[in-house]
1. Given the options B:F103, A:C155, A:A237, identify the residue whose Cα lies farthest towards the positive end of the charge dipole of the protein assembly as shown (+1 on Cβ of Lys, Arg; -1 on Cβ of Asp, Glu).
2. Please go through the residue pairs A:K192/B:K145; A:K88/A:K192; A:K124/A:K192; A:K88/A:K342; A:K58/A:K192 and name each one whose alpha carbons sit more than 29 Å apart in this structure.
3. Given H placed 1.01 Å from N in the peptide plane, which residues other than close sequence neighbours of A:G306 have an amide H under 5 Å from its amide H?
4. Return the long-range amide H neighbours of A:R276 (sequence gap of 5 or more, or a different chain), with a cut-off of under 5 Å between placed amide H atoms.
5. If I measure Cβ to Cβ between cysteines in chain A, which ones have no partner under 4.7 Å?
6. Given the DSSP H assignment, sum -39500 (n - 2.57) over each helix run of at least 4 residues in chain B and divide by its residue total; what's the result at 222 nm in deg cm²/dmol, nearest 500?
7. What does the average come to when, for each residue of peptide B:68-74, you count the partner chain Cβ atoms lying within 10 Å of its Cβ?
8. Can you tell me the mean projection area, over all orientations, of the convex hull of the range A:54-195's alpha carbons? Units nm², please.
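Coordinate-derived values only; no laboratory data. Computed from a predicted model, the values in this text were never measured in an experiment. Cβ: placed from backbone, ideal geometry, glycine included. Neighbour counts: every protein chain shown.
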Amino acid sequence: MSSSTSVRASSRVTASQGIETPSGHEPDGRGHFGRYGGRWVPEALVAALDELETAYEKARHDPEFLTELDRLHRDYTGRPSPLTDVPKLSRHAGGARILLKREDLNHTGSHKINNVLGQALLTKRMGKERVIAETGAGQHGVATATACALLDLECVVYMGEVDTRRQALNVARMRLLGATVIPVKTGSRTLKDAINEALRDWVTNVDSTHYLLGTVAGPHPFPQMVRDFHRVIGLEARAQVLERTGRLPTAVAACVGGGSNAIGIFHAFIDDPGVRLVGFEPGGDGVETGRHGATLSEGSPGALHGAFSYLLQDEDGQTAESYSISAGLDYPGVGPEHALLKDLGRAEYQPVTDAEAMDAFALLCRTEGIIPAIESAHAVAGALRLGQELGPDAVILVNLSGRGDKDVDTAAKWFGMIGQDESAEAADGTAIAEGRTEQPTGSFADAGSETEGIQA
Amino acid sequence: MSGRSVADVFAKCRAEGRGALVGYLPAGYPTVDEGVELLAAMSEGGCDLLEVGVPYSDPVMDGPTIQAAADTALRNGFRLRDVFSTVERVTAAGGNCVVMTYFNPVLRYGVDRFAADLAAAGGLGLITPDLIPDEADEWFAASDKYGLSRTFLVSPSSTDERIASTTAASSGFVYATSIMGVTGARDSVNSAAGEIVGRTRPHTSLPIGVGLGVRNADQAAEIAGFADGVIVGSAFVSAAEKGGPDAVRDLARELAAGVARAGLPQRA
């Protein structure tokens, strides 16, 4: 393939293709992916879900909607996002060639904007003026607050109280953008409880309000619609990898919390049987400790937050508390299409511990000058593992789903660069500088072992 | 005198020229034994039907009062099997019990096994706030097999088509949520209550119960003026918290008097 045609090939990929052209892997008429998905919801929400489904089906074939979505993604999000070769990181992956799909370079700093702009435009078309959202790490909340500012929508974001503390920077970002952030103090005070509270709000205010769900979970049509808004990631990346390397990747790696960035990049490769699709789940302190969020690896089928899928639960069907250093992956459920892909064996899912993720985080910072989101660092760690397994001939495509600015405080504490009670902003800059000069590449994780990490 | 089915319970009330009082309390609140006492007291005070709730970790249809009660029950060691012993003991004390539960605990226990154990304990049926008929194939089979009533919910946001299909899928009684929103006692009965009952009547001959927001005799009487059953939840939980069995018995008496005062509902 010549470079001139290939450049055109990737620039021809637009976000609207992900929603306009059916993927060939659609749920049934009631939103089931095999036995998973569907609508496990109160009747009070059915009318709103029907309305949303109708609005989406209409919009995905409406040239005006598609043109507007593409314009925003080009001029506002900055799509297409680049593909970056990371040769120095690759040396730590058994020589396998690692390519990063740079969703971290999107406006607002993650893949979340792909879905948010689409749903925000739909909200306007449905004539609703108020948007609610849940957020874990704050990336979806920031993206939603951003789109609401742009499109003049009222925005309320529910965020677990634990997460408002570990992602304080994103709370401030949302408030700067004009959103109301409501800390949720029920249950485990993390993402699961933020979704509960958003659902309660939606049941109460469904006439005026759109629930802008941030992942490929929840009741139909969310898993399908959110996936379609994210399909652009894989569509772009597939063309870019072909142009860059002349072949398809050996494996595609992505982190999986609810699963939106993973389904977005996997989907373009589902019909390429030679391409391994591997999702990396939050292993927390290690799945053997019970403190983790590895829903597909360790969970069992059940209904949570509107969908039938895998979830972490006890023998009475009570949802188990998940744990991860990464707020965005700290969720005991997962999108239903991932459940199907797991059962079919088309995708595989493996846990990555906090420590492995933070090692990969450090390594990517040092080797390539890229600070990833801790969520995305799970995918990087997974790619390093895959590289050792697959060897130097492999090409591994990694979805670098977000950037790590929001995680600097957590990382600085993990690596012992600042004291337990200081924040990164307050820290003496020389502490970080000294940490950088005294520790060899990739090993400042060792400093973390002498501290108690963020759990303290 | 216990009815043998939910239909019997409503028929008996009707024969007495009044609607039915339906009281909710989570099983295991604050403990399993105390929960049994509270439910028995509600029955003594005049609840014709008891909704025995299953405490659940993620109660998205419930407001703060019932969430807190469920948390208390779970913290005090409630296990799903306790719902069957609760139903058995309350039934033995003369109560008529249906179970109200989010559906994942039932899925996890096994739908057929749950229905079998509930029927064996003397339970009359199930109310399923987060299960719609579209996803209920297993529950249809199990409820038919064990003779349990199926109460689905209709909502002010339901279309006429949905009301028709939901009531057709129901047995025993239909649960109409009177307001958009989660559970919790409110000062006034929303006008939407009468409207949703009026929209539901043409689609079904089943009794219609109205819930969400009732807390005193006047509200109970107002709802009993147009509905066949008055469903009270959060107010019983609050009463239990403040004054135990005596308080819930008194509240049941007060509400039952309100229901009786209204006579039979006007059917528009």
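1. A:A237
2. Numbers: A:K192/B:K145 35 Å; A:K88/A:K192 38 Å; A:K124/A:K192 27 Å; A:K88/A:K342 32 Å; A:K58/A:K192 31 Å.
The pairs that break the limit, which is 29 Å between Cα atoms, are A:K192/B:K145; A:K88/A:K192; A:K88/A:K342; A:K58/A:K192.
3. The list, which skips near neighbours in sequence, is A:W40.
4. Answer set, sorted by chain and number: A:A251, A:V252.
5. By the Cβ distance rule, which asks for a partner under 4.7 Å, the isolated cysteines are A:C255, A:C365.
6. On the way: 11 runs with 130 residues, N = 268.
-15000 deg cm²/dmol, from helical runs alone.
7. Values: counts 1, 0, 0, 2, 0, 0, 2.
Mean shielding count: 1.
8. Numbers: hull surface 43.2 nm².
The Cα convex hull of the range A:54-195, projected and averaged over all directions, gives 10.8 nm².
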